[in-house]
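*Asks:* This is the structure I have questions about; it appears just below.
Read-outs throughout are calculated quantities, based only on the coordinates presented, and are distinct from any laboratory measurement. Quantities reported herein were computed from a predicted structural model and do not represent experimental measurements. Glycine also receives a Cβ, built like all others from the backbone with ideal geometry; neighbour counts cover every protein chain displayed.
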Amino acid sequence: MVGICEAMMTVKREIKKSWRPATTLVHAGQLRSQFKETAETIYMSSGYVYESAEEAEAAFDNSQPRFVYSRFGNPTVSMFEGRMAALEGAEAARATSSGMAAVFAALASLVKAGDRIVASDALFGSCQFILAEILPKWGVETVFVDGREIAQWQQALSKPTKAVFLESPSNPGLRLVDLKAVADLAHKAGATVVVDNVFATPLLQQPLTLGADVVVYSATKHIDGQGRCLGGVILGSEKYINETLQPFIRHTGPSLSPMNAWILLKGLETLDLRVTKQCDSALKIAQALKGHNKLADVSYPTLEGFAQAELARRQMSAGGTMLSLTLAGGKKEAFKFLNALELVLISNNLGDSKSLATHPATTTHQRLTPELKEIQGITPGLIRLSVGLEHPDDLIDDVLSALKAI
Ligand SMILES: *Cc1c(COP(=O)(O)O)cnc(C)c1O
């Protein structure tokens, strides 16, 4: 796609390897047209024209790469892909219409009937559905392990395996997987390691550096970060993206719209500011709530006393924007708590500038069987809190007074 961009645009913003993420997020990937605009342009066009029939033929046989149809290539979408690849340190990226389209395309493009996938069992509800319901229907075997237990990975990966899929930290239980250790085991089994890095964000954890092969994001979450649109992105080697993934995306069409790509580009410009602030506030809230008598548990990856805090500090640069609370009084108290919040909104989204509280057992993870809920630690008292950009003291006041109201 880089070749296409260079052929089509007047100026492609050069990226310096020495740039810190905050700089990359503002400048990388921009394709400036002959009009020399400051902001990225929204190319709302489904197709492209050719000067001649010969030019069209050359575009289709790839002898002259260029944009031919927005299902598989569009300049605004390309800018978003370029910015994400530069941030992640990946050779290439493809954007999709949603996070789930990214997860599905990343896996479905890799496997065929008879293949085997090993996955951690603490997953976002729809990721779990793809692995447990859709892929097995097509003859792909999926094996789930407790992602925290390296011995379980070791055993499951003692057989040839096509792919490994995991989230770390997981949604909503904040369970971590030792990415480096699992990637080493997976590679010995011949597997491609796919990491859903939504909770860590591209700023706090770099799975490719830790040994993963493919990283996926729901860009709907922190990348937009302002609750405006859906999007997804898949990052990896040029070989994987161009040879394995691109044909799948080209012919199945989970494409990102240019308008949404532009919103996501603008979201990226403030990602570092937002995530830094949200992480600071999340830690402050976790510290303020720790030991509260109405709470059976407060989980936050870098909080003192968190079971996997050592691993969190080793593979993440901060604990993230999400925390989880367990009300001692189960569902009844969890609902009372949610209904007593005045500032924090009840919503199933996350990573937004507005703080959002979710009751996973009855919403995002409602579909899971009681056994699966237990395995994932989704108890009736569990509340997932996505920390926004409000003043942390206002958030602490709101949460404390909601706890008091129970
Ligand atoms: C939200 C989410 C997804 C799905 O993303 P959509 O953009 O909603 O399709 C996948 N994985 C994780 C961890 C998520 O939080």
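*Asks:* Run the reach check for LYS159 against lysines, Cα to Cα strictly under 30 Å, same-chain hits fewer than 8 apart removed. What comes back?
*Replies:* Within reach: LYS112, LYS137, LYS180, LYS188, LYS239, LYS373.
*Asks:* Another question about this same structure. At 7 Å along the Cα-to-beta-carbon direction for both GLN366 and GLU310, put a label point, then send me their distance in nm to one decimal.
*Replies:* In this crude label model, GLN366 to GLU310 measures out at 4.1 nm.
*Asks:* Quick check on the chain: of the DSSP beta bridges with both residues there, what percent are antiparallel, nearest 5%?
*Replies:* Just about 55 percent of them are antiparallel.
*Asks:* If you don't mind, another one. Counting only other residues whose beta carbon sits under 13 Å from that of LEU166, what net charge do I get with K and R as +1, D and E as -1?
*Replies:* Cβ neighbours under 13 Å give a net charge of -4.
*Asks:* Right, another one. If Rh is defined by the Kirkwood formula over all Cα pairs and Rg also comes from Cα, what ratio Rg/Rh do you get for the chain?
*Replies:* Using only Cα positions, Rg/Rh for the chain is 0.99.
*Asks:* Which is farthest toward the positive dipole end of the range 17-75 among VAL49, LEU31, PRO21, measuring Cα position about the Cα centre, with Cβ charges +1 (Lys, Arg) and -1 (Asp, Glu)?
*Replies:* PRO21
*Asks:* Which cross-chain or sequence-distant (5 or more) residues have an amide H under 5 Å from the amide H of VAL193, H modelled 1.01 Å from N in plane?
*Replies:* VAL164, ASP213, VAL214
*Asks:* Turning to a different aspect of this structure: Can you sort SER52, SER109 so the residue with the fewest Cβ neighbours within 10 Å comes first?
*Replies:* SER52, SER109
*Asks:* Still on this structure: Could you give P(r) for the range 69-269, binned at 5 Å from zero, as whole percent values over all Cα-Cα pairs?
*Replies:* Binned Cα distances yield the sequence 1, 8, 18, 22, 21, 16, 9, 4, 1, 0.
*Asks:* By DSSP, what percent of the beta bridges with both residues in the range 271-404 are antiparallel, rounded to the nearest 5?
*Replies:* Taking every DSSP beta bridge within the range 271-404, about 85 percent pair in antiparallel fashion.
*Asks:* Taking the Cα centre of the chain as origin, sum charge times position over the Cβ atoms of Lys and Arg (+1) and Asp and Glu (-1), and report the length of that vector in debye to the nearest 20.
*Replies:* 420 debye
*Asks:* To the nearest 10 degrees, how steep is helix 179-188 against the longest Cα principal axis of the chain, on a 0 to 90 scale?
*Replies:* Between helix and principal axis, roughly 60 degrees.
*Asks:* Here's something else I'd like to know. With angles folded into 0 to 90 degrees, how steeply does helix 75-88 sit against the dominant principal axis of the chain? Use alpha carbons for both and round to 10.
*Replies:* Between the helix axis and the principal axis of the chain, the angle is about 50 degrees.
*Asks:* Let me ask something additional. Please list 283-289, 400-406 highest first by mean number of surrounding beta-carbon atoms within 10 Å per residue.
*Replies:* In decreasing order of mean packing, 283-289, 400-406 become 283-289, 400-406.
*Asks:* Also, I was wondering about something else. Only counting other Cβ atoms within 10 Å, I'd like LEU385, LEU230 sorted with the fewest neighbours first.
*Replies:* Placing the least packed residue first, the sequence is LEU230, LEU385.
*Asks:* Ok, one more. If you plug each phi of the range 242-254 into the Karplus form 6.51 cos²θ - 1.76 cosθ + 1.60 with θ = phi - 60°, what whole-Hz ³J(HN,Hα) values come out, in order, with x for Gly and Pro?
*Replies:* Once rounded to whole Hz, the list reads 7, 8, 8, 7, 4, x, 5, 5, 4, 9, 10, x, x.
*Asks:* Still on this model: Applying a 10 Å radius around every beta-carbon, put 157-163, 81-87, 179-185 in order of their mean neighbour count, most first.
*Replies:* 81-87, 179-185, 157-163
*Asks:* Now for a separate question. Using the Kirkwood radius over C-alpha pairs as Rh, can you work out the diffusion coefficient of the range 271-404 via Stokes-Einstein at 20 °C, viscosity 1.002 mPa s, in µm² per second?
*Replies:* In µm²/s, the coefficient rounds to 143.
*Asks:* Rank the residues TRP153, TRP19 as a footprinting-exposure proxy: fewest other Cβ atoms within 10 Å of their Cβ go first.
*Replies:* Placing the least packed residue first, the sequence is TRP19, TRP153.
*Asks:* Convex hull over the Cα atoms of the range 5-105, averaged projected area in nm²?
*Replies:* 7.7 nm²
*Asks:* For the chain, build the charge dipole from Cβ charges (+1 Lys, Arg; -1 Asp, Glu) around the Cα centre, then report which of ALA334, LEU311, THR161 sits farthest towards its positive end.
*Replies:* The Cα lying farthest towards the positive end belongs to ALA334.
*Asks:* A further question follows. At 7 Å along Cα-to-Cβ for each site, give me the label-to-label distance between LYS12 and LYS112 in nm.
*Replies:* Placing both labels 7 Å along Cα→Cβ, they lie 3.3 nm apart.
*Asks:* What size of dipole, in debye to the nearest 20, comes out for the range 271-404 about its Cα centre when the only charges are +1 on Lys and Arg C-beta atoms and -1 on Asp and Glu C-beta atoms?
*Replies:* 300 debye
*Asks:* In the chain, if the dipole is taken from +1 on Lys/Arg beta carbons and -1 on Asp/Glu beta carbons about the Cα centre, which of PRO75, ILE285, GLN366 is farthest to the positive end?
*Replies:* Sorting the options by dipole projection puts first ILE285.
*Asks:* Percent relative contact order of the range 271-404, based on C-alpha pairs within less than 8 angstrom and at least six residues apart?
*Replies:* Relative contact order for the range 271-404 comes out at 29 percent.
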